[in-house]
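Let me begin by presenting the structure, written as structure tokens, before commenting on it.
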Amino acid sequence: MKELAIHGGEPVRSTFLPYGRQAVEEQDIQAVVDVLRSDWLTTGPNLAAFEEAFAERCGAKHAVAYSSGTAALHGSIFAAGIGPGDETITTPLTFCATSNCVLYQGGRPHFADVRRDTLNLDPEMVARKVCKNTKAIIPVAYAGQPADLDAFMDLSQKHDLCIIEDACHALGATYKGRKTGSIAHMTVFSFHPVKHVTTGEGGMVTTNDERLASRLRRFRSHGIESDARQRQAAGQWQYDMIDLGYNYRLTDIGSVLGNSQLRRLEANLKRRREIAQRYDEAFLQLPGVVVPGVRRDVEHAYHLYPIEVADDWDRAEVYRALRAENIGVNVHYIPVYLHSYYKKAFGYKGGECPNAEDAYGRLISLPMFHGMTDQDVADVIEAVGKVMFGLRKVATA
Ligand SMILES: *Cc1c(COP(=O)(O)O)cnc(C)c1O
């Protein structure tokens, strides 16, 4: 057996393979250069074109672009009318922005546990936590797999709740044949470079509700009713600020990049699903590795491919050993309420969501991005096998 790199052996790869990476092509670069030579660097024709194409791709009536996924989440909390005294329920197994956005508006995020198989927010756990102050549920499509949205929409009817799906992982996923972005009251996406489509920094909210769409548009530009392009077209200087908003606008430079990338989304998804299938096949029989559980009624978008390590292995050691093999593994996520800020502000002590915490102790995200070559995929498979066999003796000694 080959010696592990962590023990001084030769690493599987000589160069580092990150867990996620953007793919920017020549046509993207040319599109950005053209915008730099144009009249509109922000809130121009490319913003409108990107929003329109995005709404169509998601099967939604409206898409409102933001300067980041976090800003888009903040906008959706504002549009839902959440303020002081209002409560929301979300999953702890997410990036902290999912719940921070509730705090920005003075609301209180609560956490309900995840299902042990999909690691998505469990509707039964949520139902037990709904109370008279609950205004919204924020399910996250963890790793790119939609949560059980029908169950959440049922809850929303029963208790008059807003469903805001954090689909920052799930552009291009489907749930029971319906597209992510067309199902919840609002669906939020991110265009950070590790996500499917990038604008550098950027985000989007889709909705079928005209009233929510206009609130979302106002909030991203100071709460002002019109935008600069509309005022220029109308030849008028007057405007009214109706709400307290922010400057959360996406530039036309970012918009044109996003729109150019969106045209390759199908190939991007196809490649990610191919890689996931190769991982599944390679790891199903491998001792110590549990592959991600996928519902039969979804099409996964595979922003991430998180494995779990079994009891006889030490996750921290497996992580370090894979890093030493030059495989850029990561962990998604530290349960949000275990961060110092949440512990201090709300008195969380650990143990509140046992499924999420147990998963957190085992999770390792393997490299997953559409630009991976077949050799990259083979390297990951080889390194995981090498490390699991190499560390097993230690674990069972
Ligand atoms: C990436 C991400 C965000 C935040 O998006 P940014 O564009 O980085 O602000 C929010 N939620 C989840 C689940 C994410 O993965």
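Descriptive notes on the structure:
- Matching helices (runs of 4 or more DSSP H) fully within the range 34-142 where at least 3 residues are surrounded by fewer than 22 Cβ atoms within 10 Å (Cβ to Cβ) and aliphatic (A, V, I, L, M): 45-58
- Pair list, Cβ under 6 Å, 6 or more apart: the range 139-161 residue closer than 25 Å to A276 by Cβ and within 16 Å of the ligand (Cβ to nearest atom), other residue assigned to a strand (DSSP E or B) and among the charged types (D, E, K, R): P139/E165; V140/D166
- Unmet criterion (only one of (1) touching a His at 6+ places or on another chain (Cβ under 8 Å); (2) surrounded by 12 or more Cβ atoms within 10 Å (Cβ to Cβ)) for Y279: (1)
- One residue alone among A345, A359, A383 is in a helix (DSSP H, G or I), under 20 Å from L304 (Cβ atoms) and over 20 Å from the mean Cα position of the chain (by Cα), and that residue is A383.
- Residue identified as away from the ligand (no atom under 13 Å from the Cβ), within 25 Å of A267 (Cβ to Cβ) and either touching a Ser or Thr at 6+ places or on another chain (Cβ under 8 Å) or not in a helix (DSSP H, G or I) (or both) among G181, G200: G181
- In the range 1-17, residue farthest from the chain's Cα centre (by Cα) [restricted to those that are assigned to a loop (DSSP other than H, G, I, E, B) and surrounded by fewer than 15 Cβ atoms within 10 Å (Cβ to Cβ)]: M1
- Looking only at the range 167-209, and only at residues there that are in contact with a Pro (Cβ under 7 Å, 6 or more places away or on another chain) and of a type outside the set (G, A, S), the one that is surrounded by the most Cβ atoms within 10 Å (Cβ to Cβ): T180
- Enumerated helices (runs of 4 or more DSSP H) restricted to the range 224-293, each holding at least 1 residues that are closer than 30 Å to A359 by Cα: 265-283
- Only one entry in A53, A80 is touching a Cys at 6+ places or on another chain (Cβ under 7 Å) and either free of Cβ contacts under 8 Å to residues at least 40 places away in the same chain or away from the ligand (no atom under 16 Å from the Cβ) (or both), namely A80.
- Candidate set: the range 218-248, residues that are within 19 Å of T199 (Cβ to Cβ) and polar (S, T, N, Q); chosen: the one surrounded by the fewest Cβ atoms within 10 Å (Cβ to Cβ): N247
Each reported figure results from applying straightforward, stated rules to the coordinates on display, with no laboratory input. Since the model is a prediction, treat every value here as computed from it, not as a measurement. So basically every Cβ, Gly included, is an ideal-geometry build from the backbone, and we count neighbours across all protein chains shown.
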